[in-house]
Structures are given as structure tokens and as C-alpha cells.
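A.B. asks: Before I ask anything, here is the structure I am working with.
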Amino acid sequence: MDLALTRISLLPTQPISRLLLWLGSIQIYDGLLPLIIVLHSYRDQSKTALGLMVIWMAIRLIIPMVAQHRQQPSQPPFEAVFLALLLVNTRVIVLREDLHGPTDFLVIAIGLVIGARQSWRQWRMSFGWLALTAVLLAINLVWMHPATLSWTSTVVRDIYEFSLNGHGGINRFATILLFVTLSATSFFLLSSTRLARLYGLGMALIGYAMCLSTDSRLAQLAPPVALLLGWLTPRIWQGSTKALRLAIASLTTAGLIVGLWWFYLAPDAQVNQISDLGRFEAGACWLSLMFMGRNRFLYGVGFGPKADQMCGHLKGGEGFGHAHNTIAQMGGQLGVLGIMAFFILVLIVLFGLSRQRLQWMSGAGGAIGTIATSRWIQVVVGLNALLLMNALATTIYRGNQVNQCLIGFLASTSLCWLLAPPSPPLAEGLPGPTPLRHG
């Protein structure tokens, strides 16, 4: 009798348990990412978007804490420190009270910590959710298209500036589109079924079409360059001299063609020369602030408008507002210590890539399959090359907390352990990664 009652009492919970396991396997919490990005496109919805971003970060920090407590209760959870820092700084993040202050780097660090423990299978799901953002943004842009605007080659920029104007301006919105486009491409590369690959390819094409319409040169050129570098890297690692020659020839030829067109043959070539010269001058001025006073070499001039005021003579006295180069921005505001911090992050990524290369070359990558490992290397190199190109051409971390979170999150792909990827840490008994099949 007691056994029968026990069975009856367990019946209602079984569908709920299956539902929870299924929601955990598709990482339903990552479904907040498309909503956050779309909402943040509206200037008046930034607080709501950032509130949801804090909730997403808190969930992603709590899940591995719970899993570690179950598996290794004797070890203190590393994520707890960042969860505490996130909670303490929630107000200044959501209300943007520290928009250009030290919390910029805290958000990047939290994004890095969140992604550091993800397996390739979890990354695939995260990429799938980020890919969904492409079509949602496209639908939103069409919905917000004013009747007074014509459908031109810069329609995304025109609609955005006329109707939305969130994310800190069109350039930072273009950076978001870059992240979304490469995430969709990554989902395409890591997927094995025809339907999933078709979904990833479609989202990537939609994302890149929007990139082309932002009138941002970086958004137009960076995706193909990043994908080319990602495609070439595993082949060069395998000792292919043909791939190395192809890389050098392709990048040199593309650079010459684009440079000649942009600076000499384009209808507005003179304007382009003046614009890019101004960008170089801005970077040089911000970097030179390190050498303009006592202790500035170590500490810089600090946060706030001081650096921009000291370089305000540029651009006809208007100034540029930022250095158009992350290294120069860090040097001017934070001195050599800030530059060291930037290169520490770069070294973390390089060490992670080196570890993945050693695992792959030693055959340890067989845990996810040889072809899948090669594609994973392609994804990681492409994403981090994209981040580096953005860092050298602008200050993508500045003024947009969503960008900051995605910078750290996507950079942490280099820390994925290929030898024995962990199971998704939502519940015990959830099946771990299985080898990718390619058909």
C-alpha cells in the first residue's frame, strides 16, 4: 500500500522533472540574450535591458555554484565572489551611474567567468540563442522603419539613428551585429543536422546583411576576415604551407584593394583620408597622455572627461570623445597598468588557444570528434580575431554594458576544455556531450 502511494505521489513530478531537464539542456536562460539586445536598441529601454542582463549573469553564476556544491562540496565556489560583486554593483550597472568607470571591466570579467566553464555543447546552445537575435533585430528594424526613409544601402544606420539610437550609437550597435553574425556562423559550423545548419546559415546571412547596411567599414570587413583567419588556423597548425601562403596572399591583396579604393578611388576618398587621419591622431593623443605629467605613466589621467578635454583640440576643437583604439584609451586613462591589464586578457586568450591546440594535435580533441574539433578551433580563432580587430579599431568596451558582457563571454571560448567537456550543470543525471555527427 505504501509503495503504491509513493508511486502515485511521484507521477505528477515526472513530467515536471523531464521539462526541467529539457529546459536545462537547451539552456533556456540564454533566451534572455536576444531579448536584452533588442530592448537595449531602444534608448528608453536601457534600464529594463540591463536589469535583465544582471538577472542573466546572476543565473549563469549560480548554476555552476550549485553544481560544484553537489560534486565537490569541499571546494569554495569561485563564481560566488563575482556574484557578490555583481549584486553590490547592480545599481550602478542598471542605472548607468558608472557608465565610463571601473565597472566596465567588472562586467567584462563576469562575462569571462560565465563562459569559462562551458563545454563545446553548451557553447553551441549559447550561439544558437545569440543567432536568434539576428532575425529579431531585423524584424524590429523593419517594424520601426519610418515612411519618410527610403530603402538605401545604409538603411539599417538610418532607421537606427532615426527611431532607436540605443547601445551608445550606431558604431556600438554595429559591434553587436558583428557578435551576432559570428555567433550564428559558429552555430552553423558546430551543428550536425541539416535543419540546425540551415538555421545558423540563415541567421548569419541576415546578420551580415545588417552589418553591410550600418555604413561601418569594420562591420563590413571584419566578418570575412575573421572567418578566413579561423578557417586557415587549423590548417596552418597542421603544417600546411599552402594555407599559410593563401593567408598571406589573401590578406595582402584584400588590404591593397580596400586601401586603394578607400583612400584614392572612392568618390569621397578625401573625406575618408581626413576621417582616418583624425582617428590616428586621436589614438596618438590619448596614448601620449601617459607622458604628460607626474605619475600619469603609471596611472593615466583617470576616468571622466579629463582625457577627452586634453585631446579636445582635435577635430576642429570638438574632440573625438574616445581614442578609437582600446590600447590608447587604456593608456590615456589608466596608464601602463591599464595597458598591462589589456595584454593580460590577451595572454589568457592566447594561453587558452595554445592549450586547445595541444589537445587537438595530441588527439585529445577526439572527445568531440576530429572534424568537430577543427571547426571548434575555427570558431574560437574567428571570434577572438573579431574581438581583436574591434579593439584595435575602436573602444568597443566603452559605454555599453551589453557589449562588455559579450566581450568577456565570447573571449572565454578560448578556455573551453576539449579533453573532457563537462555535462551541463543544471541537474544531476543530465547526459553529457556526445560526439558530433556530420552528414
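A.B. asks: Are there cysteines in the chain with no other Cys C-beta under 4.7 Å, and if so, which?
C.D. replies: So, 211, 405, 416.
A.B. asks: Sticking with this structure for a sec: Classify the range 160-199 as rounded, prolate or oblate from the Cα gyration tensor: take a ≥ b ≥ c as the square roots of its eigenvalues, call it rounded if a/c is under 1.5, otherwise prolate when a/b beats b/c and oblate if not.
C.D. replies: prolate
A.B. asks: Something else about it: Using a Gaussian network model of the chain whose springs link C-alpha atoms within less than 10 Å, name the residue from 156, 381, 88 with the highest mean-square fluctuation.
C.D. replies: So, out of 156, 381, 88, the one fluctuating most is 88.
A.B. asks: For the range 36-105, what's the relative contact order in percent, using C-alpha pairs closer than 8 Å and at least 6 residues apart?
C.D. replies: 27
A.B. asks: Right, here's the next one. Can you show me the helix-derived [θ] at 222 nm for the chain, built from DSSP H runs with n ≥ 4 at -39,500 (n - 2.57) apiece and divided by the number of residues, rounded to the nearest 500.
C.D. replies: The per-residue figure over the chain is -22000 deg cm²/dmol.
A.B. asks: Picking from 382, 128, 278, which is most flexible by a Gaussian network model of the chain using Cα springs under 10 Å?
C.D. replies: In the Gaussian network model the winner is 278.
A.B. asks: If you take the square roots of the eigenvalues of the alpha-carbon gyration tensor of the range 47-88 and sort them as a ≥ b ≥ c, do you get rounded (a/c under 1.5), prolate (a/b over b/c) or oblate?
C.D. replies: oblate
A.B. asks: Rounded, prolate or oblate for the range 210-252? Axes are the square roots of the Cα gyration tensor eigenvalues, ordered a ≥ b ≥ c, and the cut-off for rounded is a/c under 1.5.
C.D. replies: prolate
A.B. asks: Over the chain, what percent of the accessible surface lies on carbon and sulfur atoms, probe 1.4 Å?
C.D. replies: Reported share for carbon and sulfur atoms: 68 percent.
A.B. asks: If we count GluC sites (Glu not before Pro) as exposed when they sit in a DSSP loop and have at most 12 other beta carbons within 10 Å, what is the longest stretch of the chain that avoids them all?
C.D. replies: Maximal segment without exposed cleavage sites: 98-317.
A.B. asks: Based on DSSP H assignment, which helices of the chain show an axial Cα extent of at least 20 Å together with a mean Kyte-Doolittle hydropathy greater than or equal to 0.0?
C.D. replies: 46-71, 120-143, 170-190, 194-212, 217-237, 241-260, 269-288, 326-361, 370-393
A.B. asks: Between residue 165 and residue 97, what length comes free when the chain is fully extended (0.36 nm per residue of separation minus the Cα-Cα distance, one decimal in nm)?
C.D. replies: Here the answer is 22.6 nm.
A.B. asks: Moving on. Mind checking the full-extension length gain between residue 154 and residue 72? Use 0.36 nm per residue of separation minus the Cα-Cα distance, one decimal, nm.
C.D. replies: This chain segment gains 24.2 nm when fully extended.
A.B. asks: So, R0 is 35 Å and r is the distance between the beta-carbons of residue 315 and residue 248; what FRET efficiency does that work out to, to 0.05?
C.D. replies: 0.45
A.B. asks: Here's a follow-up. Say each of residue 143 and residue 43 gets a label point 7 Å from the Cα, pointing the same way as Cα to Cβ; how far apart are those two points in nm?
C.D. replies: Computed distance between label sites residue 143 and residue 43 equals 2.0 nm.
A.B. asks: On average, how much accessible surface per residue is there in the chain, in Å², for a 1.4 Å probe, leaving out ligands, DNA and RNA?
C.D. replies: For the chain, the per-residue accessible area is 48 Å².
The values are calculated or read from the model by the stated rules, or taken from the named source; none is laboratory data. Treat the numbers as computed from the prediction; the structure is a model and nothing was measured. Neighbour counts run over all protein chains shown; Cβ positions are idealised from the backbone, glycine included. Accessible surface is based on the protein model in full, side chains and every heavy atom, while ligands, DNA and RNA are left aside. Shrake-Rupley method; radii C 1.70, N 1.55, O 1.52, S 1.80 Å.
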